[in-house]
1. Scan K57, K52, K37, K21 and give me the residue that is in contact (Cβ under 8 Å) with a residue 40 or more places away in the chain and part of a helix (DSSP H, G or I).
2. Which of the numbered conditions does D47 fail, given that it passes all the others? Conditions: (1) charged (D, E, K, R); (2) at pLDDT 95 or above; (3) part of a helix (DSSP H, G or I).
Amino acid sequence: MDWSDLSSVRINQFSLIQEKKQLINDIIDYLYDDEKKHFEESEEPDDHIYLKIERLKNLNDAFDSF
C-alpha cells in the first residue's frame, strides 16, 4: 500500500460523504414544507418531526461553510 492507495481511499470517503449530504438535502427538501405546515397547524408541539428536520437542515447547511 502506498500514497496513491491512501489517496483513492480519501477520495472515496469524500465522495460518500458528499453523496450522504446530498441525500439528506433531498429528503429535507421533500419533507420540509409539508411538515412545517403540519407543525404550525398542530400548534407547534415540542415533539413534532418538523423540529428534527429543521435541526438537520441547519446542521447540514452549517457543513457547507467548511
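The values are calculated or read from the model by the stated rules, or taken from the named source; none is laboratory data. Not measured: the values here are computed from a predicted model. All Cβ positions, glycine included, derive from the backbone under ideal geometry; neighbour counts span all protein chains shown.
1. Among K57, K52, K37, K21, only K21 is in contact (Cβ under 8 Å) with a residue 40 or more places away in the chain and part of a helix (DSSP H, G or I).
2. The single condition D47 does not satisfy is (3).
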